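Below is one structure, written out as structure tokens; the observations come after it.
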Amino acid sequence: MKTLLNVIWLVLSGVWSFLGNILWIILAGWWLALEHLITGLLLCITIIGIPLGIANFKMVPISLLPLGKEIVERA
């Protein structure tokens, strides 16, 4: 029974993650991704802002599709 419930949970979690990402893109994800792109471009105008602009570009995929992503610390 426990194995069956684990399989059901894995299957449904993938479906809910997909549906949640679609809903997120429609409601807020594309706005956040666009804002990260614009601020990244504006930050890359100055030499001091280039590292922050690159960090903003790395935030675009996370802000566009946040569900199902895993954040891992680097050593």
Ranked S13, S63, criterion: other C-beta atoms within 10 Å, fewest first
S13, S63
Angle check, please: helix 2-24 long axis (alpha carbons) against the longest principal axis of the chain (alpha carbons), in degrees 0 to 90, nearest 10.
30 degrees
Taking Cα atoms, the helix 30-43 axis meets the longest principal axis of the chain at an angle in degrees (rounded to 10) of 30 degrees
Going from the alpha-carbon gyration tensor of the chain, what semi-axes, largest first and in whole Å, does one get by taking the root of 5 times each eigenvalue?
35, 16, 4
Relative contact order for region 1-68: what percent, with Cα pairs under 8 Å and sequence separation of 6 or more?
37 percent
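Every number here is computed from the coordinates shown, using simple stated rules; none is lab data. Because the structure is predicted, anything quoted here is derived from the model rather than measured. Backbone-built Cβ (ideal geometry, glycine too); neighbour counts: all protein chains shown.
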